[in-house]
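The values are calculated or read from the model by the stated rules, or taken from the named source; none is laboratory data. All of these numbers come straight from a predicted model, not from anything done at the bench. Glycine gets a Cβ as well: all are built from the backbone with ideal geometry, and neighbour counts include every protein chain shown. Heads up: the accessible areas ignore ligands, DNA and RNA and are worked out on the full protein's heavy atoms, side chains in. Shrake-Rupley method; radii C 1.70, N 1.55, O 1.52, S 1.80 Å.
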Amino acid sequence: MNSFKNVLVLAPHTDDGEFGCGGSIAKFIERGSEVYYAAFSLCEESLPAGWPKDTLEKELVRATGVWGIEKSHLLTYRYPVRRFAEHRQNILEDLVALQRTLNPTLVFMPSFNDLHQDHHTIAMECMRAFKKTTILAYEMPWNNIDFSTQLFIKLEKRHVEIKVRALKEYKSQERRSYATERFVMSLAHTRGVSVDAEYAESFEVVRWVIN
């Protein structure tokens, strides 16, 4: 992990990075990595009735603050939710700009097997923009029709607890069945059992670059 000094998390929607690799990000930050978080939609159309339009933007700032991510490392875009495919070229250009500006050594993205259309678009364009970079695809069981647990990052309880605290900042999303502390801790424990650890997160290896 110490070789990845510059880490980029690609989140199609505001809380995807927390769900997919929140514990790992806590560990990377703990070890001194620079972590950047790019959210491509603020999902204003998906908010429950009665919530202010800027709710998820504010929740994202608070959630990434739990990790200790600097505000200058938080990048937000306003692509319309569920319509990323219509903006594929613009998204690719944004990703290429991130590659040139940040030059990350590790990129986290959704799985190619993610059924959500926005997640799939980000995955495809990420592969194009960061084809010379190590890329790991994170797990979202409620969206993954298939997922290969090829790589595991072992975690301590404190890392998963930071992930849980970050997710709790998304008050507008509490209704979702997977947005519970019980589910998050259970999945991390399940993945940990696979590698003789108390907790872990698993990833698909999309690209692995050794210097």
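When residue 46 is tested against (1) buried (at least 24 other Cβ atoms within 10 Å of the Cβ); (2) in contact with a His (Cβ under 9 Å, 6 or more places away or on another chain), just one condition goes unmet, and that condition is (1). Note on region 1-42: among residues that are acidic (Asp, Glu) and open to solvent by less than 30 Å² (accessible area, probe 1.4 Å), the one that is farthest from residue 154 (Cα to Cα) is 15.
Name the residues in region 130-143 that are over 30 Å from residue 186 (Cα atoms) and either surrounded by 23 or more Cβ atoms within 10 Å (Cβ to Cβ) or acidic (Asp, Glu) (or both), would you? Once the filter is applied, which keeps residues that are over 30 Å from residue 186 (Cα atoms) and either surrounded by 23 or more Cβ atoms within 10 Å (Cβ to Cβ) or acidic (Asp, Glu) (or both), region 130-143 yields only 130. Looking at (1) of a type in the set (A, V, I, L, M, F, W, C); (2) surrounded by 23 or more Cβ atoms within 10 Å (Cβ to Cβ); (3) over 17 Å from the mean Cα position of the chain (by Cα), can you tell me which one residue 51 breaks? Unmet condition: (2). Could you list, ordered by first residue, the pairs with Cβ atoms under 9 Å in which the first is in region 172-196 and within 20 Å of residue 43 (Cβ to Cβ) and the second is acidic (Asp, Glu) and open to solvent by less than 50 Å² (accessible area, probe 1.4 Å), at least 6 apart or interchain? Matching pairs, first to second residue: 172/59; 173/15; 173/59; 179/15. Residue under question is residue 79, and the condition is that it be modelled with pLDDT of 95 or more, closer than 20 Å to residue 127 by Cα and in a loop (DSSP other than H, G, I, E, B); does it hold? So residue 79 passes the test. Among the criteria (1) surrounded by fewer than 16 Cβ atoms within 10 Å (Cβ to Cβ); (2) of a type in the set (Ser, Thr, Tyr); (3) modelled with pLDDT of 95 or more, the one residue 177 does not fulfil is (3). Just to be sure, is residue 202 over 17 Å from the mean Cα position of the chain (by Cα), touching a residue at least 40 places away in the same chain (Cβ under 8 Å) and open to solvent by less than 20 Å² (accessible area, probe 1.4 Å)? Considered against the rule, which asks whether it is over 17 Å from the mean Cα position of the chain (by Cα), touching a residue at least 40 places away in the same chain (Cβ under 8 Å) and open to solvent by less than 20 Å² (accessible area, probe 1.4 Å), residue 202 comes out as no. Looking across region 1-46, the residues that are assigned to a strand (DSSP E or B) and among the β-branched types (Val, Ile, Thr) come down to 7, 9, 35.
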